[in-house]
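Chemist: Below is a structure I'd like to ask you about.
The values are calculated or read from the model by the stated rules, or taken from the named source; none is laboratory data. These numbers come from a predicted model, not from an experiment. Because the Cβ atoms are built from the backbone with ideal geometry, glycine has one as well, and the counts that use them run over all protein chains shown.
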C-alpha cells in the first residue's frame with residue numbers, strides 16, 4: 001500500500017512498479033498474524049483461497065503435517081499463540097508459490113512444530129524455491145541459509161556467505177560473527193555517577 005519514491009525492486013528479473021500480479025507467486029508469513037478472531041481455522045483457509053482466487057488448492061497435507069485436525073472448527077480467537085503460528089504457516093505455504101518471505105517464522109513454535117517446519121523449509125529449498133527469512137534465531141539462519149544480509153539500524157553491514165563472514169572476523173559460528181560486527185560498529189554507553197562507562201566486549205575464536 002506504500003508507493004516507493006526511489007529505488008527499484010525486481011521480481012523474476014522484472015520491475016514490480018505499478019504491478020500486482022507478481023504477488024500470486026509470493027507466500028508471505030507475518031511475524032504476528034492478526035486473524036479475525038470470530039472465524040474458524042477452516043473459514044480462514046477458505047477466505048484466503050477466495051482472496052487469492054485459488055479455490056482448487058487443498059491444505060490437507062499441511063494440516064496433517066502440523067497436526068491441526070483437532071482445531072479446524074475452533075475459532076481463531078480461542079487458539080494459543082503456537083497453534084495460530086501453525087495456521088499462519090499453512091496459509092503461507094498452501095499455494096505452492098515460487099518465493100517465500102518469512103518474518104520470524106519460528107515464533108511460538110514448540111520443539112515438535114519447529115522440527116516439522118524445518119522439514120517443510122528444507123523440502124521447499126530442495127525444490128528450488130527462493131526463501132527469504134527475517135530472524136533473530138542465528139541457529140536457524142546458519143542451518144538453512146546460502147547467503148545472509150545483516151541489517152542494523154537500517155544499514156547493511158554484511159552481505160554474503162556465512163563462511164566468508166567467519167573468516168573476515170576470525171570467529172567460529174554465525175552468532176559470534178554477528179556479535180563481532182555489532183561490537184565493532186556500536187558502543188554501548190552506560191551512565192555512571194559523574195562519568196560515562198563504555199562497554200566493549202571482546203570475542204575470541206573458540
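Chemist: Go through (1) part of a loop (DSSP other than H, G, I, E, B); (2) loosely packed, with under 11 Cβ neighbours inside 10 Å and name the single condition residue 54 misses.
Modeler: Residue 54 satisfies every listed condition except (2).
Chemist: Given (1) farther than 30 Å from residue 13 by Cα; (2) in contact (Cβ under 8 Å) with a residue 24 or more places away in the chain, where does residue 61 come up short, assuming only one miss?
Modeler: (2)
Chemist: Could you check how many residues of the stretch 92-115 are within 21 Å of residue 57 (Cα to Cα) and surrounded by 13 or more Cβ atoms within 10 Å (Cβ to Cβ)?
Modeler: Taking the stretch 92-115 as the starting set, the residues that turn out to be within 21 Å of residue 57 (Cα to Cα) are 92-102.
Of the ones still in play, those that are also surrounded by 13 or more Cβ atoms within 10 Å (Cβ to Cβ) are 92-95, 97-102.
Residues flagged as within 21 Å of residue 57 (Cα to Cα) and surrounded by 13 or more Cβ atoms within 10 Å (Cβ to Cβ) within the stretch 92-115 amount to 10.
Chemist: Name the single residue that is farthest from the chain's Cα centre (by Cα) among those in the stretch 165-187 being without any contact (Cβ under 8 Å) to a residue 24 or more places away in the chain and surrounded by fewer than 13 Cβ atoms within 10 Å (Cβ to Cβ).
Modeler: 187
Chemist: Would you mind finding the one in 86, 49, 75 that is surrounded by 14 or more Cβ atoms within 10 Å (Cβ to Cβ), at pLDDT 95 or above and closer than 22 Å to residue 124 by Cβ?
Modeler: On the way: 49 fails: at pLDDT 95 or above; 75 fails: closer than 22 Å to residue 124 by Cβ.
The conditions single out 86.
Chemist: Test of understanding: among 68, 79, 89, which residue is under 21 Å from residue 109 (Cβ atoms) and in contact (Cβ under 8 Å) with a residue 60 or more places away in the chain? Spell out how you get there, then give the answer.
Modeler: Numbers: 68 fails: in contact (Cβ under 8 Å) with a residue 60 or more places away in the chain; 79 fails: in contact (Cβ under 8 Å) with a residue 60 or more places away in the chain.
When all the criteria are applied, what remains is 89.
Chemist: Ok, one more. Given the options 27, 7, name the one that is touching a residue at least 24 places away in the same chain (Cβ under 8 Å) and either part of a loop (DSSP other than H, G, I, E, B) or surrounded by 14 or more Cβ atoms within 10 Å (Cβ to Cβ) (or both).
Modeler: Values: 7 fails: touching a residue at least 24 places away in the same chain (Cβ under 8 Å).
Exactly one residue qualifies, and that residue is 27.
Chemist: Further question: Quick one: count up the residues across the stretch 161-188 that are in contact with a strand residue (DSSP E or B) (Cβ under 7 Å, 6 or more places away or on another chain) and within 18 Å of residue 140 (Cβ to Cβ).
Modeler: 3
Chemist: Now, a different point. I need the full set of residues from the stretch 118-152 which are over 21 Å from residue 30 (Cβ atoms) and out of contact with any helix residue (DSSP H, G or I) (no Cβ under 9 Å at 6 or more places or on another chain), in order please.
Modeler: 123, 126, 127, 128
Chemist: Something else about it: Only one of 62, 39 is at pLDDT 95 or above, surrounded by fewer than 20 Cβ atoms within 10 Å (Cβ to Cβ) and touching a helix residue (DSSP H, G or I) at 6+ places or on another chain (Cβ under 6 Å). Can you tell me which? It would help to see each step written out before you state the result.
Modeler: Details: 62 fails: surrounded by fewer than 20 Cβ atoms within 10 Å (Cβ to Cβ).
39 is the lone residue from the list that is at pLDDT 95 or above, surrounded by fewer than 20 Cβ atoms within 10 Å (Cβ to Cβ) and touching a helix residue (DSSP H, G or I) at 6+ places or on another chain (Cβ under 6 Å).
Chemist: Regarding residue 67, is this residue part of a helix (DSSP H, G or I) and either within 23 Å of the chain's Cα centre (by Cα) or loosely packed, with under 11 Cβ neighbours inside 10 Å (or both)? Before the answer, list the steps.
Modeler: Details: part of a helix (DSSP H, G or I): no; either within 23 Å of the chain's Cα centre (by Cα) or loosely packed, with under 11 Cβ neighbours inside 10 Å (or both): yes.
When the stated conditions are applied, residue 67 does not pass them.
Chemist: For the stretch 97-205, please list each of the strands (runs of 3 or more DSSP E) lying entirely inside it that holds at least 1 residues being modelled with pLDDT of 90 or more and over 30 Å from residue 64 (Cα atoms).
Modeler: Numbers: elements: 99-103, 130-134, 148-152, 155-160, 188-192, 195-199.
Those strands (runs of 3 or more DSSP E) span 148-152, 155-160.
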